[in-house]
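Single-structure report; data block below.
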Amino acid sequence: MQGHAQQQLITGVITDQHAKTLAGVSVLNNRLHKSGSTSGNGHFTILAAVGDTLLFSSVGYQEQLVPVQDLSGILRVQLQLRIQQLEEALVHTGYQQLRPEQMTGSVDVIGQDQLRRSVSPDFLSRLENLSPGLLMNHGDAATSDPLTIRGRSTLSGDARPLIVVDDFPYEGDLDLINPNDVTSVSVLKDAAAASIWGARAANGVIVLSTRKGSNHEPQLEAGSTLSMQGKPDLYNINSISPADRVEWERFMFINGRYNSYKNPAYLIYQSTAIPLAAELLIANPADLEAQLDALKKHDVRDDLSRYFYKQALRQQYSLGISGGEQKLHYQLSTGYDHNRSNLVAQQDQRFTLRSNNRYQFNERISAEAGISYVKSQQREGQNDGLTSGYDRNGLSPYARFADDQGRAIPYYPLYRPGFLDTVGQGQLFDWNLRPLDEIYLRDNRTGIQNTTIQLGLNYTPLKGLQVNIKYQYQEEQTTHRDLYKQNSFYARDLVNRFTQLSPFGGANTYPVPPGGILMAHDQSIQAHSGRIQAHYNIRLGTQHELDLLGGYEIRSSSTAGNDYQYYGYQDTYRSVASNMDFVNPLPVLSGEEYNYITNYNYATQLDDHFLSYYFNGLYTYHKRYILSASFRKDEANLFGVQSNQKGTPLWSAGGHWKVDQETFYHWDMVPQLSLRATYGVNGNISRAATAMPTALATSQGVSHNLPALQLLTPANQNLRWERVGMLNLGLDFSLKNQFLHGSIEYYRKNAHDLLAPTSIDPTLGFLSAYTNTANMADRGFDIKLSSQNLKGPLSWQTDVNYSISHNQVTKYLMPVSSSSFTYVQSTTSINPIVGQPLYAVYSYPWAGLDPLNGDPQAFLHGQVSKDYAAIYDTPLGELNYDGSAQPTQFGSLRNTFAFGPFSLSFTISGKFGYYFRRPTVSNSMLRSNWDGNGDYALRWQKPGDEQHTHVPSILYTPDYYRDLVYTYASIHILRADHIRLEDLQAQYTLPTHTFHQAFRQIRIFLYASNLGILWQKNAYQIDPYYNNIPKTAASYSLGLNLTL
């Protein structure tokens, strides 16, 4: 009772290890269960008595228990960063760890708290919007490059950044990496930061560091996340309406399009499918109009959405333990993911197990050992969503897959129903296709197992010098089994097509034996990597520090694959047919006279060998001037056997000036200011060409049955490495009290000797080969800002990333194509033009519709023209250059609000300065296919319509060039600029006393992503991420993390 009588409010201040005050720190009196938090200046008040214990906790800092010994004065508490947070703050290059202030180059470090904010099962998605210069494309732009760092630096090589996991390049499937195992990511963007990786670094390097043990008591972490996502919006596709399609088919029927199918004289017209409306018009039943009206009222997207799509469900579970003592550090973690996609019968699972251990034998010698095992399984049926109807001619907009009771009904995209009813006179297997039944009549499975073993030995012979030997073995086994079951249409169709009917009622002959069809693919990747390096760090007095790193690296990888196709597969006995005739053409029943049975059996192997020598040095003077230099020589077997051919030297140099450390610097408003500059040369590796000829060994030649070699690429004795020089200039700053801090960087990349297709002498056996014929340049700005808008019980932080990136082809030795259609037909194909972006969008200059007949018009030589063949070959200089197909500006803004243990954040992103092509109706495709674009409803039909539509009149007999001129006209090129709400996260960290002190932290969170577009530039209100494809629904997640 006496203690209670002496309770009073006490005050205190909390700082970090650098004596900076900390806002938002949770303060808890364990006895009274009273809590509070520090204000913006780190101060707090709380009711307490002598003998009470106060618990101080904050994200990223070690919890601290402080006994109250005195009620007078100010209680001063210093919190220490968690070991994990200290590690996250370091830059991991894959060869060494450096403090951010030591870096002269461009690096972003993404910590675990940022990575954990997202819940996607793959780690790459979690990096989006976290690093300026790192661009993740979506929609049409993703067709070219899904992921780039500061643009593309190659034409034919792999433009993806190099992925490094725990110091070694990752050779396996990226989907196998469990993001819950990743503690930090270092994004190396310029030559000085990435050049130590040499010929694979020109497109940037992403270095992942996984969980490690440390010197602390055992800590157990567990997590669980459940995510749900609705069905995609199929009506985002601009499809011709069922009614318009029926009437178009009536129009074609009246004009004789289906005359050959009325009383067919040839088998091809008897068997080849035509649209159902055309069949009804030919049959002309008494209730024809009623049946056609029924077709007009049914939209196939309703069936697809109901029977082929479902709500997606994703589950993630993780469990890990780490700890250590003076000599032994250990870590063990496991994870399990189970995902059901939006497509019925499609799911995948992933199990991961990872262990890292470090043993300190004595103060000079330590050893490391790590093992990672991942097993994944993907399974799907015959369900491709919109293309699930074996739609050789496009999916009919009025197709039905189920009756009113939900039972599967036949659909006829390949053969006419009358043909199936009569062919074989009942001697064949059921030849009807029922797409709804087919979903579970295919069992398509892909299993992947990846094992990675790492061993390391560290020796410190003298102070400041450390010698490291590291070895990694990685093996990945992929097993793909695609089984079309005996009752599947795919199997029945092949069996029936090749069946040879007995003319006298005897037994039929089955060149393709009844049973299932099994396609198998096995692939193995084995990679060995070894490295020996020496690291020397020494301080010379108080003004000089030297950090030197040098080493030798060897890497070898081998990829082997086997593909098989088995017929007559019987699952019960695991038996297959043998002695099949794959050599001779055989008669078929389905309209063709003869055809071959596919023999899909072959084996492949690819071996790569690399040798590298590297050096990296840092010199620091007076803690304010830092100079860096790196050198690396890479050698590869792709460039021949001569030492002067197979190797290339790569290097970088840089400087870092901490201006705020100068004695003359007294600008209190900007207490931290530094400048950085680097230049260096990295490289690319492309397998499009080799110094020596390559060939494929086959069991027989084209004209004989003897073993043969098929040449794949000609020899190129003049082949050179692709080289990329990069300049980077950076400014880092922080305003007073860190109200605003960040960096601004300018970069310029010049890529030389890029490989591109080049015409060669056809007598060599090839029309073209890849040679060093092109140069390219990228330039831009990366801006990263963070502001602390509010401090105190309610805090508000804003993080901004913004990038400007421009790409240009500066040299291309090949002449401009004589056909301008080469440049307009695709917005994401590589067709280099000097002075333009690599992915340049071109179009025919639109001149409107002819008011007399609705024909499309374009400008040719400055005049309105309908000479479509001539417009098709419009000179390049007269085409419309619209802009880049990839964003030239992009960025994100994240606001985070925190009030005690509760926080709320949301991300807004934007991409600007790029274009996409909107699909439209094609007269030719409308005639030949069963589907069509919804623009058909807007077509010109009478004079005056040209005032409110740009869709031309539709002809019975289409003009091929007329169609192309309209399809690729400038009227369909739209701005892709947009701003979208990426995600929203709310989390609550429960006080430790809520469930007793057994738990160090309990975190509950809600996360929502893909929340929709806020603004788009184009007048059609099209989201460029979903250009005429199903629109993905928003995803909602609930998660729990426990730390014991």
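The values are calculated or read from the model by the stated rules, or taken from the named source; none is laboratory data. Here the structure is a predicted model, which means the values were calculated and not measured. Note: ideal-geometry Cβ built from the backbone for every residue, glycine included; neighbour counts use all protein chains shown.
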Open item on the list: Whether any residue in the range 486-503 is over 37 Å from the mean Cα position of the chain (by Cα), under 30 Å from ARG400 (Cα atoms) and in a loop (DSSP other than H, G, I, E, B) is what I want to check.
Closed with: yes
TODO: Take the residues in the range 438-487 that are within 24 Å of LEU549 (Cβ to Cβ) and among the basic types (Lys, Arg), then tell me which one is modelled with the lowest pLDDT.
DONE: LYS463
- [ ] Residue by residue through the range 721-755, note down the ones that are in a strand (DSSP E or B), of a type in the set (A, V, I, L, M, F, W, C) and surrounded by fewer than 22 Cβ atoms within 10 Å (Cβ to Cβ).
- [x] LEU727, LEU729, LEU731, PHE733, LEU740, ILE744
Task: Where ALA715 falls short, out of the listed (1) under 21 Å from TYR812 (Cβ atoms); (2) modelled with pLDDT under 90; (3) crowded, with 16+ Cβ neighbours inside 10 Å - done: (1)
TODO: Just name the residue that is nearest to ALA969 (Cα to Cα) out of those in the range 782-828 that are aromatic (Phe, Trp, Tyr) and assigned to a strand (DSSP E or B).
DONE: TYR812
Open item on the list: Condition first: surrounded by 21 or more Cβ atoms within 10 Å (Cβ to Cβ) and part of a loop (DSSP other than H, G, I, E, B). Now tell me which residues in the range 24-41 satisfy that.
Closed with: GLY24, VAL25, THR38
TODO: Could you tell me whether the range 1031-1044 includes any residue that is within 25 Å of VAL921 (Cβ to Cβ) and touching a helix residue (DSSP H, G or I) at 6+ places or on another chain (Cβ under 8 Å)?
DONE: yes
TODO: Examine the range 773-793 for a residue that is within 30 Å of LYS658 (Cα to Cα), modelled with pLDDT under 90 and in contact with a Gly (Cβ under 6 Å, 6 or more places away or on another chain), and state whether such a residue exists.
DONE: yes
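Report whether or not ASN383 is touching a residue at least 60 places away in the same chain (Cβ under 8 Å), within 30 Å of HIS338 (Cα to Cα) and not assigned by TED's automatic domain parsing to the domain that holds ASP482.
yes
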Task: Hits in the range 457-493 - residues which are among the hydrophobic types (A, V, I, L, M, F, W, C) and crowded, with 20+ Cβ neighbours inside 10 Å - done: LEU483, PHE489, ALA491
TODO: Restricting attention to the range 900-910, report how many residues are assigned to a strand (DSSP E or B) and out of contact with any Phe, Trp or Tyr (no Cβ under 8 Å at 6 or more places or on another chain).
DONE: 3
Open item on the list: I need the full set of residues from the range 577-612 which are under 40 Å from the mean Cα position of the chain (by Cα), part of a loop (DSSP other than H, G, I, E, B) and free of Cβ contacts under 8 Å to residues at least 60 places away in the same chain, in order please.
Closed with: PHE582, TYR596, THR598, ASN599, ASN601
Task: Residue list for the range 660-681, restricted to those being farther than 30 Å from ALA777 by Cβ, β-branched (Val, Ile, Thr) and in contact (Cβ under 8 Å) with a residue 24 or more places away in the chain - done: VAL670
- [ ] Test THR210 against the criterion of being touching a residue at least 24 places away in the same chain (Cβ under 8 Å), hydroxyl-bearing (Ser, Thr, Tyr) and within 30 Å of GLY680 (Cβ to Cβ), and give yes or no.
- [x] yes
Open item on the list: Looking for something more than 30 Å from GLY561 (Cα to Cα), free of Cβ contacts under 8 Å to residues at least 60 places away in the same chain and surrounded by fewer than 21 Cβ atoms within 10 Å (Cβ to Cβ) - is there at least one such residue anywhere in the range 517-526?
Closed with: no
Open item on the list: So, PRO513, is that one of a type outside the set (A, V, I, L, M, F, W, C), in the same structural domain as ARG539 (by TED's automatic domain parsing), more than 33 Å from the chain's Cα centre (by Cα) and in a loop (DSSP other than H, G, I, E, B) or not?
Closed with: yes
- [ ] Looking only at the range 896-903, decide whether some residue is at pLDDT below 95, out of contact with any Leu (no Cβ under 8 Å at 6 or more places or on another chain) and under 30 Å from ARG150 (Cβ atoms).
- [x] no
Open item on the list: With the requirement that a residue be touching a Ser or Thr at 6+ places or on another chain (Cβ under 7 Å) and under 15 Å from PHE912 (Cα atoms), what does the range 963-978 give you?
Closed with: ILE973
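Mind listing just one residue for me: the one in the range 745-778 that is charged (D, E, K, R) and out of contact with any Leu (no Cβ under 9 Å at 6 or more places or on another chain) and, of those, nearest to GLN836 (Cα to Cα)?
Looking at residues that are charged (D, E, K, R) and out of contact with any Leu (no Cβ under 9 Å at 6 or more places or on another chain), I get ASP778.
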Task: Given (1) at pLDDT below 95; (2) out of contact with any helix residue (DSSP H, G or I) (no Cβ under 9 Å at 6 or more places or on another chain), number of the condition ALA369 does not satisfy - done: (1)
Task: Hits in the range 43-58 - residues which are within 17 Å of LEU79 (Cβ to Cβ) and at pLDDT 80 or above - done: HIS43, PHE44, ILE46, THR53, LEU54, LEU55, PHE56
Open item on the list: Tell me which strands (runs of 3 or more DSSP E) are completely within the range 284-363 and hold 1 or more residues being of a type in the set (Gly, Ala, Ser) and surrounded by fewer than 20 Cβ atoms within 10 Å (Cβ to Cβ), or say none if there are none.
Closed with: 312-324, 347-360
Task: Test set (1) farther than 30 Å from ARG497 by Cβ; (2) crowded, with 17+ Cβ neighbours inside 10 Å; (3) not basic (Lys, Arg) - ALA560 fails condition number - done: (2)
Open item on the list: Can you confirm whether SER214 is assigned to a loop (DSSP other than H, G, I, E, B) and either in contact with a helix residue (DSSP H, G or I) (Cβ under 6 Å, 6 or more places away or on another chain) or of a type in the set (A, V, I, L, M, F, W, C) (or both)?
Closed with: yes
Open item on the list: Among the residues that make up the range 622-640, is at least one of them surrounded by fewer than 18 Cβ atoms within 10 Å (Cβ to Cβ), at pLDDT below 85 and either among the hydroxyl-bearing types (Ser, Thr, Tyr) or part of a loop (DSSP other than H, G, I, E, B) (or both)?
Closed with: yes
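Take SER928 and tell me if it is modelled with pLDDT under 95, hydroxyl-bearing (Ser, Thr, Tyr) and surrounded by fewer than 22 Cβ atoms within 10 Å (Cβ to Cβ).
Considered against the rule, which asks whether it is modelled with pLDDT under 95, hydroxyl-bearing (Ser, Thr, Tyr) and surrounded by fewer than 22 Cβ atoms within 10 Å (Cβ to Cβ), SER928 comes out as yes.
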Open item on the list: Go through the range 425-461 and report how many residues are over 30 Å from ASN383 (Cβ atoms) and outside any strand (DSSP E or B).
Closed with: 3
Open item on the list: I'd like the full set of residues that are among the charged types (D, E, K, R) and at pLDDT below 95, limited to the range 953-1003.
Closed with: ARG1000, ARG1003
- [ ] Working carefully through the options LEU433, LEU420, LEU395, LEU414, find the one that is surrounded by 15 or more Cβ atoms within 10 Å (Cβ to Cβ) and under 30 Å from the mean Cα position of the chain (by Cα).
- [x] LEU395
